[in-house]
1. Please go through the range 12-52 and pick out each residue that is of a type outside the set (V, I, T) and touching a Leu at 6+ places or on another chain (Cβ under 9 Å).
2. Could you grab the pairs with beta carbons closer than 9 Å, sequence gap of 6+ or different chains, first residue in the range 19-37 and closer than 10 Å to V9 by Cβ and modelled with pLDDT of 80 or more, second one among the basic types (K, R) and open to solvent by less than 50 Å² (accessible area, probe 1.4 Å)?
3. Within the range 58-71, can you find the residues that are at pLDDT below 85 and either part of a strand (DSSP E or B) or surrounded by fewer than 12 Cβ atoms within 10 Å (Cβ to Cβ) (or both)?
4. Quick test of your reading of the structure: I5 fulfils all but one of (1) within 16 Å of the chain's Cα centre (by Cα); (2) surrounded by 10 or more Cβ atoms within 10 Å (Cβ to Cβ). Name the failing condition by number.
5. So, D37, is that one among the charged types (D, E, K, R) and either assigned to a strand (DSSP E or B) or under 22 Å from I90 (Cβ atoms) (or both) or not?
6. Find the residue count for the range 13-52, including only residues that are over 26 Å from T63 (Cβ atoms), polar (S, T, N, Q) and open to solvent by 80 Å² or more (accessible area, probe 1.4 Å).
Amino acid sequence: MARDIEEKVVFGIGTGADGVPTILLGVTEKAWAYMRDGKTHTFDLRSIGVPVKIVAFGAADHTAVIQMLEAGAKASGSPILDARNRDFSIEPGGTP
């Protein structure tokens, strides 16, 4: 767990103009550096009534991230949907 407040990711939950709940993550330089070697930032939003957990972690490159995800999925027996070539950006007007 990050001990220095500058190593922590800041998060918020809001609603956009389109009414869609949105999770916002603000990552400081120190928080980014903290994650660099695989350390995680975790958010269990169940405590505020949102049935979602978020885990953010760092790795050297895209391949290393995929390998970590695949190892975790294999260990838990969970399938992976490979959508790395899909654009999940928010479209103008807030609809995908």
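1. Those that are of a type outside the set (V, I, T) and touching a Leu at 6+ places or on another chain (Cβ under 9 Å): G12, G14, H41, F43, P51.
2. Going by the 9 Å Cβ cut-off, there are no qualifying pairs.
3. Answer for the range 58-71, where residues must be at pLDDT below 85 and either part of a strand (DSSP E or B) or surrounded by fewer than 12 Cβ atoms within 10 Å (Cβ to Cβ) (or both): A60, D61, H62.
4. (1) is the only condition that I5 fails.
5. no
6. So the count comes out to 2.
The values are calculated or read from the model by the stated rules, or taken from the named source; none is laboratory data. Predicted, not measured: the structure shown is a model, and the values here were computed from it. Counting neighbours? That spans all protein chains shown, and the Cβs are built from the backbone with ideal geometry, glycine included. All accessible areas refer to the heavy atoms of the entire protein, side chains included, with ligands and DNA or RNA removed. Shrake-Rupley method; radii C 1.70, N 1.55, O 1.52, S 1.80 Å.
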